[in-house]
Amino acid sequence: MASTELQNTVKAALNALYHHPDDSVRMQADRWLQDFQRTIDAWQVSDNLLHDPSSNLETLIFCSQTLRSKVQRDFEELPSEAFCPLRDSLYGLLKKLANGPAKVRTQICLAVAALAVHVSAEDWGGGGILNWLGEEMNSHPEWILSFLELLTVLPQEAMSYRIAVRPERRRQFEKELISSMEIALRLLIACLSLNELKEQILEAFASWFRLGHGIPALTLASHPLVHAALSDLNSEQMSEAAVNVVSELIHYTAAGRSGGLSAQMPLIQVLVPRVMSLKDQLKDSSKDEEDVKAIARLFADMGDSYVELIATGSEESMMIVHALLEVASHPEYDIASMTFYFWHSLQVNLTGRESYSLSESNPPSDAERNRRLHIFRPAYELLVSLVCFRVQYPPNYLELSREDRKDFDKTRYAIGEVLMDAAAVLGGDVALRILFMKLVQAVGSCSNDESCQWQPAEASLYGIQAIASSVSVFEAEVMPQVMALFPKLPRQPQLLQTACLTIGAYSKWLNAAPAELLSSIIETLTIGMSISEDSAASASLAFRHVCHDCCGKLCGSLDGLLHIYHLAVTGEGSYKLAEEDSLHLVEALSVVVAKLSPDQAKKALEILCLPVITPLQEYVNLGSGPLQQVPARQLMVHIDRLANIFGHVNHPEAVADAVQRLWPMFKAIFDHRGWDTRTMESLCRACKYALKTSGSLMGNTIGSILEEIQGLYQLHHQPCFLYLSSEVIKKFGSDPSCAIYLGSLVEALFSHTTHILRTIQDFTARPDIADDCFLLASRCIRYCPHIFIPSSIFPSLIDCAMIGITVQHREACKSILAFLSDVLVLANSKGGDPHGSIIDNVILSRGSSLTRILIASLTGALPSSRVQEVTDVLISLARSYGMKVLEWAKGSISLLPSTAVTEVEGSRFLNALVKAASGADPYTIMAPIEELSDVCRRNRTVQEIVQGALRPHELNFAVVSS
């Protein structure tokens, strides 16, 4: 297509994208434009349209983004002689756009910065892009806006991974910029006389300061750019750029690379007084909210950076603390919350013994710690009062949108964290007294009628709940009064919900309290289960905590608890308990039953199971056809309850007996619902928990279960059958008497799986089977290598793993790589000696292909997030087979063209494998391996070249499997 025609097509597509009324036409235009951006024609067309005076804003924005992206990602498409024309064209656009659309100018500046990363400093002539930029700024002050923006983005893009260059060039460019920092700062100082551009100048300064420092504190303290930023803080229109600069300076003074706080004291002594002078503006009602937010940010930065100095409790540091309390008291949560990290950091410094210079065994250390805690207690007491009101439910809570409710929940969680920090400094009992006083005050003004203001009482209770872990289990002054209040509280859903959660949070305290208190607590929880779904959920969770921690005391109240349980599980009571929340109640009663004697437990277990088994048995009695029509959820709710019972009634013999009695019912569900993934997952989970509790006592029942799932797996391919088998291997894998049976099981399951997973497409279609298959295989290596490694299925499973390594599903991929790593670790271990020759025979015949697949995975066949796992396998392979791996790797690297990977980059990678083979620390060899990965992923074209050369999916596995 001719250039002019293509330009018109681009314009037409953009017009359709932004203005056509038909969604399908807009989507078609969008797809066409995305495809166009990947073509080599996009270079010239975008450039032409950017220089075309008739191009509208939409065209300019699209073409500038396209050109920026092409320079960043596809610069290697161009011949070397294209650099100068491209640079000159971009420079022309910078001039043209100096006063043009800011969005377009930014994209062109990013393109110029990317171009500077791609080419060496010499290509710009006379010392690199900074010298070139300086000359242009001196010669053409009328284009200063473009030059300043370019000066800002250059350091920001120094280490950008959006720019497709080799790592060595990226590092070199960063060094070039750092060495030119003095030039950049001189240019900015020269621009300071242009008062209307001060914000842009300061933004550029902040960018360069982030890139590299190295300027002595004494110099910075009197530096013109620092002085300009500090002066701007006190101006009527405080600029965001000035705040950014001062923030960067504060963080730098506390950074380890700066030489420490003592070395930066000349600069700190300039910064702190200037920021402190802004304190009065925090409460200035005439001040713009954004300005107040900026000031608050500086105080928060100061607190975060100088927390170690502040923690000494000096008079100067307490001035900063009082300023931060002012910020924390601000009515706007977004402003107040800026201080939260400081209060946490200060707490860690005050309470952590490692924060003190003297050793733990030295008494003065404790004395100093106590002195500091005493100094900061008033601040934290005030903090508790300042923040606890923020968790109050708004009057219109029920009308809030879902997102607003989530934001409110996040706020409550954050305040809870602050209260925990305060309790750590004050002591939980002291913090409790403060919150209790607020609770008493709130409850006093809240009668039982529905119109009462319940929110303050709920907020105080929430605070008491939040600090539960800090309150002594022997606290006897406040908590008895708190617990006594619960029956008197209005039955308002949110208030009752928090009351129930508070009971659950203090379950350990309840265990140490008088036993008679538990009856009123249980009554409160049963009321909670009757009021609303939310309060019922909280009450069931509290039941679980209380029964876990007070099970010894509750054994005598079992009949009453079982009555509550029966009403909740059968639905005969008025409880508003969701099915998933009922599991908490099932667990609660199960842990109490676990505390009974074996005889008592057996009878109690029958009572626990009865309301669960009865509906299941009724479904089974309907016969095959009706049973298959029952919705999975109606079966799962009962099976999941059985799983909880089997998992928590820690009486192995009683559980084993129960499972044996229930087996005919289980078998019927297996037989008639084997196709139903959700029901099978629930049933396998129940069998797993029973097996974990009862182990070998399950005897013949587990044999029947395994026989059942072995046959069903071949029919329905349910991954949960592999998952259950994995638990069996863990329990019985090392038992010699089970070897023959387990060998048969392993052969059958893996043989069928390798027939299901024959291609990478199969792995993609069924990642759940792949995940559970290789988790089971890893467990076989750990618990029964004597059965698994000599089996005929082992070589086929290695081949299967090699096919599936590049599956994109995260969990399936990790399981495959973990399995291969486990095989290689076993080959290297002393325990692996009996099986070493078998593993060697299998791996050596596949070594070249396996290595090539792993290198392909490192270089783009898998996401970069999988590089660590792939590297672990490669290192294990190198440690097992030494120089053979180097030979295999050389063969793979030799397939890569030099345009993708240079000889030097390939050699670094191979040298890393040599070090791995010699037992070097993996951390020392990661850099060259990650660098090869980075090089091969630097853009789409290179990645396609590399994968096309390695062709991991086209290797002939049939040959090595024969």
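The values are calculated or read from the model by the stated rules, or taken from the named source; none is laboratory data. Values in this document were obtained by computation on a predicted structure and should not be read as measured data. Neighbour counts run over all protein chains shown; Cβ positions are idealised from the backbone, glycine included. Each accessible area value is taken on the protein alone, full model and side chains, heavy atoms only, with ligands, DNA and RNA left out. Shrake-Rupley method; radii C 1.70, N 1.55, O 1.52, S 1.80 Å.
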Between Tyr462, Tyr413, Tyr393, which is within 33 Å of the chain's Cα centre (by Cα), modelled with pLDDT under 95 and within 20 Å of Ser535 (Cβ to Cβ)?
Tyr393
So Ser696 clears everything in (1) in contact (Cβ under 8 Å) with a residue 40 or more places away in the chain; (2) under 17 Å from Val659 (Cα atoms); (3) open to solvent by 10 Å² or more (accessible area, probe 1.4 Å) except one condition, right? Which one?
(1)
Of the conditions (1) modelled with pLDDT under 95; (2) closer than 27 Å to Ala777 by Cα; (3) surrounded by fewer than 21 Cβ atoms within 10 Å (Cβ to Cβ), Thr677 fails just one. Which one is it?
(1)
Within segment 76-83, does at least one residue satisfy the condition of being of a type outside the set (Gly, Ala, Ser), farther than 24 Å from Tyr161 by Cβ and either touching a helix residue (DSSP H, G or I) at 6+ places or on another chain (Cβ under 7 Å) or in a helix (DSSP H, G or I) (or both)?
yes
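Assess whether Ala499 counts as being in contact (Cβ under 8 Å) with a residue 60 or more places away in the chain, hydrophobic (A, V, I, L, M, F, W, C), farther than 17 Å from Val430 by Cβ and open to solvent by less than 40 Å² (accessible area, probe 1.4 Å).
Answer is no for this residue.
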From the option list Ala98, Ala42, Ala114, single residue qualifying as crowded, with 16+ Cβ neighbours inside 10 Å, touching a Lys or Arg at 6+ places or on another chain (Cβ under 8 Å) and not in a helix (DSSP H, G or I) is Ala98
Could you look through segment 913-959, keep only residues that are among the small types (Gly, Ala, Ser) and either exposed (fewer than 15 other Cβ atoms within 10 Å of the Cβ) or more than 31 Å from the chain's Cα centre (by Cα) (or both), and pick out the one that is farthest from Asp872 (Cα to Cα)?
Ala958
Give the residue, chosen from Arg641, Arg633, that is under 42 Å from the mean Cα position of the chain (by Cα), open to solvent by 60 Å² or more (accessible area, probe 1.4 Å) and under 17 Å from Asp581 (Cβ atoms).
Arg633
Taking the options Ser865, Ser918, Ser892, name whichever one is among the polar types (S, T, N, Q) and over 24 Å from Lys814 (Cα atoms).
Ser918
Condition broken by Val153, with the remaining ones in (1) out of contact with any His (no Cβ under 9 Å at 6 or more places or on another chain); (2) surrounded by fewer than 18 Cβ atoms within 10 Å (Cβ to Cβ) satisfied:
(2)
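Quickly run through segment 233-243 and pick out the residues that are under 14 Å from Ala204 (Cβ atoms) and either assigned to a loop (DSSP other than H, G, I, E, B) or open to solvent by less than 20 Å² (accessible area, probe 1.4 Å) (or both). Step through it out loud before you land on a result.
First, pick out the residues of segment 233-243 that are under 14 Å from Ala204 (Cβ atoms): 239-242.
Within segment 233-243, Ser239, Ala241, Ala242 meet the criteria.
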Lone unmet requirement of (1) in a helix (DSSP H, G or I); (2) open to solvent by 70 Å² or more (accessible area, probe 1.4 Å); (3) farther than 15 Å from Ile645 by Cα for Ser574
(1)
Among Ala765, Ala686, the single one that is touching a residue at least 24 places away in the same chain (Cβ under 8 Å) and either open to solvent by less than 10 Å² (accessible area, probe 1.4 Å) or out of contact with any Gly (no Cβ under 8 Å at 6 or more places or on another chain) (or both) is Ala686
Within segment 269-289, of all residues that are in a helix (DSSP H, G or I) and either free of Cβ contacts under 8 Å to residues at least 40 places away in the same chain or in contact with a strand residue (DSSP E or B) (Cβ under 7 Å, 6 or more places away or on another chain) (or both), the one surrounded by the most Cβ atoms within 10 Å (Cβ to Cβ) is Gln281
Contact list please: Cβ distance under 7 Å, first residue in segment 225-248 and more than 16 Å from Lys279 (Cα to Cα), second residue outside any helix (DSSP H, G or I) and among the hydrophobic types (A, V, I, L, M, F, W, C), pairs at least six apart or on different chains.
Ala228/Leu192
Output the residue which, of all residues in segment 16-39 that are polar (S, T, N, Q) and assigned to a helix (DSSP H, G or I), is farthest from Arg73 (Cα to Cα).
Ser24
Is it the case that some residue within segment 885-896 is touching a Pro at 6+ places or on another chain (Cβ under 6 Å), at pLDDT 95 or above and buried (at least 16 other Cβ atoms within 10 Å of the Cβ)?
no
Of everything in segment 658-671, what is more than 18 Å from Lys731 (Cβ to Cβ) and either open to solvent by 60 Å² or more (accessible area, probe 1.4 Å) or acidic (Asp, Glu) (or both)? Give them in sequence order.
Arg661, Pro664, Lys667, Asp671
